1. Suppose we filter Gly161, Gly154, Gly133 for residues that are touching a Lys or Arg at 6+ places or on another chain (Cβ under 9 Å) and either over 19 Å from Tyr79 (Cα atoms) or modelled with pLDDT of 95 or more (or both); which single one remains?
2. Quick one: in region 114-145, which of the residues that are assigned to a strand (DSSP E or B) and hydrophobic (A, V, I, L, M, F, W, C) is surrounded by the most Cβ atoms within 10 Å (Cβ to Cβ)?
3. Just give me the residues in region 146-172 being buried (at least 17 other Cβ atoms within 10 Å of the Cβ) and not in a strand (DSSP E or B), in sequence order.
4. Quick check on this structure: which one of Lys164, Lys84 is over 16 Å from the mean Cα position of the chain (by Cα), over 16 Å from Glu39 (Cα atoms) and without any contact (Cβ under 8 Å) to a residue 24 or more places away in the chain?
5. May I ask you to list the residues in region 59-79 that are among the acidic types (Asp, Glu) and over 14 Å from the mean Cα position of the chain (by Cα)?
6. Restricting attention to region 112-127, does a residue exist that is in contact (Cβ under 8 Å) with a residue 24 or more places away in the chain, under 16 Å from Arg67 (Cβ atoms) and in contact with a helix residue (DSSP H, G or I) (Cβ under 6 Å, 6 or more places away or on another chain)?
7. Restricting attention to region 65-75, which residues are surrounded by fewer than 18 Cβ atoms within 10 Å (Cβ to Cβ) and either closer than 17 Å to Glu34 by Cβ or without any contact (Cβ under 8 Å) to a residue 40 or more places away in the chain (or both)?
8. Starting from region 30-51, keep only residues that are within 18 Å of His147 (Cα to Cα), then list their pairs with residues that are of a type in the set (S, T, N, Q) and surrounded by 13 or more Cβ atoms within 10 Å (Cβ to Cβ) whose Cβ atoms are within a distance under 7 Å, requiring at least 6 positions of separation or different chains.
Amino acid sequence: MNRNYKTMKRRTLLSTAAVAAFGKYSFAEEKIIEVLEKEPTQPNGVIKKTAEEWKKELTPEQYRILREAGTERANGKVYEEFKKQGGGTYYCAGCDAELFSSEEKFDSHCGWPSFYDPSKAKNIKTDVDYHLGYARTEVRCAVCDGHLGHVFSGEKFESLGGKKTPTGKRYCINGTVLKFVPFPDKKDGAEKKTDKKK
C-alpha cells in the first residue's frame, strides 16, 4: 500500500470521526440514488428557494446534505449502488443540473462516489470550508448552491496503478444528492456524450 493511499485512508477515517463528532454525519436511513429514464430539463439560471421550500422538495437526508453541508455514511448502500451503476450521467437532486458522468468516475476506495472531473464544469463551484477545524475545498452546485462534497488534489490510487487521476483531483461526492440517468442503448453500444465540458 503506497504512502498516498494510506494518507487518503487516514484522512477519510479522521474526517468521518470528526464529522460524526460535530453532528454533520448521518446514520439515518439512506435514500438510494434516484434513477431517471431520461435527462431532466436543465435549469436556465440560478435557483433560490427558502428553507421551507427546499424541505418540501427534498428528503430529510438530502436537505441535511445539500442545504446544511452534511455528509452521508461512508461505504453505505448509496456507495455500493454507485459502484454497480454502468454508463450514465449524474444530476443534482436539488435542481437537476448536470454535474458528473461515468466517463470521469473511478473507484477511489474512500467510501463515497468519486470523479476526477465534472461533466459540466459551469455547474460546479468550489469554496473553502473549516467545518472540521482545518481547510478543505468544498464542492457546491453552482445552480442551486447545494453542498455536494469536497475535492482533493495530488492523491495516488491503487485502483489506478498507484497513479494520480488524469486531472490530479478526486471529487468526493455524496451520492444521496445525485440523480442518475443511464446512457441510452444503441445497436453499437452505449451512447456517449461529446459536449461534456460546455
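The values are calculated or read from the model by the stated rules, or taken from the named source; none is laboratory data. The structure presented is a predicted model; accordingly, all values stated were derived computationally and were not measured. Note that we place each Cβ from the backbone using ideal geometry, even for glycine, and neighbour counts take in every protein chain shown.
1. Numbers: Gly161 fails: touching a Lys or Arg at 6+ places or on another chain (Cβ under 9 Å); Gly133 fails: touching a Lys or Arg at 6+ places or on another chain (Cβ under 9 Å).
Gly154 is the lone residue from the list that is touching a Lys or Arg at 6+ places or on another chain (Cβ under 9 Å) and either over 19 Å from Tyr79 (Cα atoms) or modelled with pLDDT of 95 or more (or both).
2. Here is the first cut: in region 114-145, the ones assigned to a strand (DSSP E or B) are 114-115, 124-129, 136-141.
Still in the list and also hydrophobic (A, V, I, L, M, F, W, C): 115, 124, 128, 139, 141.
Details: Phe115: 26, Ile124: 22, Val128: 8, Val139: 23, Cys141: 23.
The extreme case among them is Phe115.
3. Within region 146-172, the first condition is being buried (at least 17 other Cβ atoms within 10 Å of the Cβ), and the residues that meet it are 146-152, 155-157, 165, 169-172.
Residues satisfying the conditions are Gly146, Glu155, Lys156, Thr165.
4. Working: Lys84 fails: over 16 Å from the mean Cα position of the chain (by Cα).
Exactly one residue qualifies, and that residue is Lys164.
5. Let us first name the residues in region 59-79 that are among the acidic types (Asp, Glu), namely 61, 68, 72.
Glu61, Glu68 - these are the residues of region 59-79 that are among the acidic types (Asp, Glu) and over 14 Å from the mean Cα position of the chain (by Cα).
6. no
7. Listed by number, the list holds a single entry, Asn75.
8. So the pair list comes out as Glu30/Thr176; Lys31/Thr59; Lys31/Gln62; Lys31/Thr176.
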